[in-house]
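The values are calculated or read from the model by the stated rules, or taken from the named source; none is laboratory data. Owing to the predicted nature of the structure, the values given are computational and were not obtained by experimental measurement. With ideal geometry, Cβ positions are generated from the backbone for all residues, glycine too; neighbour counts draw on all protein chains shown.
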Amino acid sequence: MTDRAPTDNEQLEQANRPAEEAMRLHPFYRGKIEVVPRCRIRDIHDFALWYTPGVAAPCMDIHHHPERVFDHCARGNLIAIVSDGTRVLGLGNIGPAAGLPVMEGKSLLFKYLGGVDAVPLCIDANSAGDIINFVKMVQPTFGGINLEDIEKPRCFKVLDTLRKEASIPVWHDDQQGTAAVTLAALINAAKIVNKPLHRLRIGMLGVGASNQRIAIMLAEAGVDPLLTCLCDTKGVVVKGREDLARDPWKSHLADITNGEQRSGGPEAAFDGADVMIALSSPGPETVKPEWIRSMNKDAIVFACANPVPEIWPWEAKKAGARIVATGRSDFPNQVNNSLGFPGIFRGTLDVMATTITDEMCIAAARELAKVAQDRGISEDYLIPTMDEWEVFPREAVAVGQKAIEQGIARRPLSPSEAFALADTTIRRARADLAMRMKEGFVKDPG
């Protein structure tokens, strides 16, 4: 006797449950992160070491040898999550204060999954220049910068400028992070349906920061860009479309994609496609079932808008999709940045890389896909889940080794050294929280 399949209403009720619980638990804890000491304090006399007068000695050592700041301070494992709140989690321009719960959650994931200390910095910024100047001013404190939830085209200018001008690694998770995890999932989805990457015909819904970088990174990883067709609210991105003259990023994509020069609405992008990658407006009716029905056999659908996918997974399956992924952890096949940024930053910081290149992200994607392959991929298991924590030190090793190969690592480590360092750091973060929960310092909300 088989278990009864849940009804659409039951699945919808389950999908709404995380929001209800979040509204109960956020006020209970009044924040998800806090600062705790990492040095020993045996008695009050130790403050003479950690503060005045003893602290003057490391201060002067850094003054004479600036690189030693990473030896004396937490900077080597400390990053800032910088956001202006203009495009928060699919919710739009809700402002920096309303975006703070997301950035705190990101800090939590950085620490628990990657052992990275992350500080949310939600700022009132009126322009790309404001964000660029802010990052340049605070960079002496941090070992890296994670740009988050910044509207386009502002985010492109901020990232491109800071990658050139900042002295520490800067990346935009909505671009590079999303692209890396999407690539990993696509590698394994293509394996399951037995279609090589370079022959995949891909339709993309939404041409924001995420899908623009995904299109670029997929091409760098072996996908034929001429078989990729992007579609925004004005229709298919195609050479000669009048509005593209005002958007250099979309204009570049028009030059390298859509080899057939298709035009029209979304139906033109998905007709005969093998893959749909949607990162557009939250659904659940943004993607029409008839678009999926027009795709090729064994269609792959990534409906990754948050907090609600462009189409519910069960509706996509009814329309003919063989493999469906979303950005949510409560459905199979979560294609979410949380599987990328903790390990990628862990590897970057461990080898003290000067930047985060697309090649480093692709190395992380291939390792992420390999972890799932080692366990046995299936239609409901494309990439690991967040609780398979060994993926993060493995990603860190892949990222660090690629940085060393590219000559941008200031602390070369062997693969075994890199794994041991990442593994120890992540274990420590998890053990610390487990101890605090056991002792009751982190209360059980019941």
Counting only residues in segment 22-61 that are touching a residue at least 12 places away in the same chain (Cβ under 8 Å) and over 17 Å from V442 (Cβ atoms), the one farthest from the chain's Cα centre (by Cα) is identified as P58
Hits in segment 378-412 (condition: of a type in the set (A, V, I, L, M, F, W, C) and assigned to a helix (DSSP H, G or I))
V391, F392, A396, V397, A398, V399, A403, I404
When the residues of segment 300-314 are filtered to those that are in contact with a helix residue (DSSP H, G or I) (Cβ under 8 Å, 6 or more places away or on another chain) and crowded, with 23+ Cβ neighbours inside 10 Å, which remaining residue is nearest to S378 (Cα to Cα)?
I300
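Here are T7, T52: which of them is β-branched (V, I, T) and closer than 30 Å to K318 by Cβ?
Numbers: T52 fails: closer than 30 Å to K318 by Cβ.
Answer to the check: T7.
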Filtered residues of segment 167-190 (kept if in contact with a strand residue (DSSP E or B) (Cβ under 7 Å, 6 or more places away or on another chain) and more than 16 Å from L368 (Cα to Cα))
I168, P169, V170, W171, H172, D173
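Each row is one residue, and each column tells you yes or no for (1) outside any loop (DSSP other than H, G, I, E, B); (2) under 17 Å from V207 (Cα atoms); (3) touching a strand residue (DSSP E or B) at 6+ places or on another chain (Cβ under 8 Å).
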residue	(1), (2), (3)
A125	no, no, no
N146	yes, no, yes
D149	no, yes, yes
F156	yes, yes, no
In segment 350-360, which residue that is hydrophobic (A, V, I, L, M, F, W, C) and touching a Ser or Thr at 6+ places or on another chain (Cβ under 9 Å) is farthest from S414 (Cα to Cα)?
I356
Here's a check for you: in segment 87-102, which residue that is among the β-branched types (V, I, T) and in contact with a Gly (Cβ under 8 Å, 6 or more places away or on another chain) is nearest to R38 (Cα to Cα)?
V88
The lone condition I426 fails out of (1) within 30 Å of I192 (Cβ to Cβ); (2) assigned by TED's automatic domain parsing to the domain that holds R322 is (2)
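Conditions (1) more than 22 Å from V158 (Cα to Cα); (2) of a type outside the set (D, E, K, R); (3) surrounded by fewer than 20 Cβ atoms within 10 Å (Cβ to Cβ), marked per residue:
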{"site": "Q212", "(1), (2), (3)": "no, yes, no"}
{"site": "A219", "(1), (2), (3)": "yes, yes, yes"}
{"site": "D224", "(1), (2), (3)": "yes, no, yes"}
{"site": "V236", "(1), (2), (3)": "yes, yes, no"}
{"site": "K239", "(1), (2), (3)": "yes, no, yes"}
{"site": "W249", "(1), (2), (3)": "no, yes, yes"}
{"site": "G264", "(1), (2), (3)": "yes, yes, yes"}
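Residue-wise test of (1) assigned by TED's automatic domain parsing to the domain that holds M386; (2) surrounded by fewer than 23 Cβ atoms within 10 Å (Cβ to Cβ); (3) within 15 Å of R75 (Cβ to Cβ).
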position: S127; (1), (2), (3): no, yes, no
position: V138; (1), (2), (3): no, yes, yes
position: G144; (1), (2), (3): no, no, yes
position: R154; (1), (2), (3): no, yes, no
position: R163; (1), (2), (3): no, yes, no
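Say we look at segment 281-331 and pick out the residues that are part of a strand (DSSP E or B) and β-branched (V, I, T); which of these is nearest to R201 (Cα to Cα)?
Just the residues of segment 281-331 that are part of a strand (DSSP E or B), to begin with: 285, 299-303, 311, 321-326.
Going one step further and asking which of them are β-branched (V, I, T), we end up with 300-301, 311, 323-324, 326.
Details: I300: 11, V301: 12, I311: 20, I323: 15, V324: 16, T326: 20 Å.
Per the criteria, the residue is I300.
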Any residue at all in segment 376-385 that's out of contact with any strand residue (DSSP E or B) (no Cβ under 8 Å at 6 or more places or on another chain), without any contact (Cβ under 8 Å) to a residue 12 or more places away in the chain and under 29 Å from E10 (Cβ atoms)?
yes
Scanning for something over 17 Å from the mean Cα position of the chain (by Cα), in a loop (DSSP other than H, G, I, E, B) and under 21 Å from L186 (Cα atoms), does segment 413-424 turn up at least one residue?
no
